[in-house]
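Participant: Can you read through this structure? Questions will come right after.
The values are calculated or read from the model by the stated rules, or taken from the named source; none is laboratory data. Computed from a predicted model, the values in this text were never measured in an experiment. Here the Cβ positions follow ideal geometry from the backbone for every residue, glycine too, while neighbour counts run over all protein chains shown. Side chains are part of the model used for accessible areas, which takes the heavy atoms of the whole protein and leaves out ligands, DNA and RNA. Shrake-Rupley method; radii C 1.70, N 1.55, O 1.52, S 1.80 Å.
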Amino acid sequence: MSPLLSGLLSAPFAIGALLMRTLASTILKKFGFKKCISLAPIGIFISLMMMSFITKESGYVYICFSGALLGFFTIFLYASNGPLAYVDMPKSLSSSATSIDTTVRQFSMSLAIGLCAFLVLTYLNILNLHSLADIGATQAFHYTFRTLAVLVLFQILISFGIKKSDGDEAAKGA
């Protein structure tokens, strides 16, 4: 694909994310943090699994829909997890907490990129392929998406430690 077409096919991720940004506070108020933190990883799992079946024969609608779904549920998870970090934070510490939170998020994204690269390379080796240009290399990406989909489900475990009422005050102010 051309760079322009590739970019256009990745744009729905941002559209899904923007849509969730507008709906997040309403959804959090209605369902609460515990349910949202439990459901968001399931949506990410489904969208990653959908992406793991993309081939060069896949239709643009399927590619765009799976990307938009991933953007939607990724922001849903961020919007659910993020405010809980600040609920009990005294205002005097909020700027320090924001710096730490931003640093942790950036570091986590770096680790995630490293994990993705590691998984793709691992699956290339398992498939006995030597580069991404080899025929069949897309299979390494399919396996990577499926592995990430399963790993995301562990996020649900976090919801077990959350009380149903946790974040209620933050949801009211959302």
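Participant: Helix 3-51 versus the longest principal axis of the chain: what is the Cα-based angle in degrees, 0 to 90, to the nearest 10?
Facilitator: 30 degrees
Participant: Shifting gears a bit: Can you tell me what the convex hull of the Cα atoms of the chain projects to on average, as an area in nm²?
Facilitator: Spelled out: convex hull of the Cα atoms, projected over all directions, averaged, 11.3 nm².
Participant: Please enumerate, by chain and number, the lysines with C-alpha under 27 Å from the C-alpha of residue 163, excluding those fewer than 8 residues away in the same chain.
Facilitator: Straight-line reach from residue 163, under 27 Å: 29, 30, 34, 35, 91, 172.
Participant: Taking each pair of distinct Cα atoms in the range 42-82 once, what is the resulting Kirkwood hydrodynamic radius in Å?
Facilitator: It is 10.5 Å.
Participant: Using alpha carbons only, how many angstrom separate the centre of the range 15-82 from the centre of the range 89-168?
Facilitator: 15 Å
Participant: For the range 71-174, take the convex hull of the Cα atoms, compute a quarter of its surface area, and give me that in nm², please.
Facilitator: One quarter of the hull surface, i.e. the mean projection, equals 8.5 nm².
Participant: Another question about this same structure. Which FRET efficiency value, to the nearest 0.05, do you get for residue 96 and residue 55 by plugging their Cβ-Cβ distance into 1/(1 + (r/R0)^6) with R0 = 41 Å?
Facilitator: 0.30
Participant: Measure nothing but the geometry: give the 0 to 90° angle between the long axis through the Cα atoms of 60-81 and the longest principal axis through the Cα atoms of the chain, rounded to 10°.
Facilitator: Approximately 30 degrees, to the nearest 10.
Participant: Within the range 23-41, name every residue whose backbone N is under 20 Å away from a label modeled 7 Å from Cα of residue 105 along the Cβ vector.
Facilitator: 23-29, 33-34, 36-41
Participant: Nearest 10 degrees is fine. How inclined is helix 138-152 to the longest principal axis of the chain, computing both from alpha carbons?
Facilitator: 20 degrees
Participant: A follow-up question, please. With the other protein chains left in place, how much accessible area per residue, in square angstrom, belongs to the range 41-102 at a 1.4 angstrom probe?
Facilitator: 55 Å²
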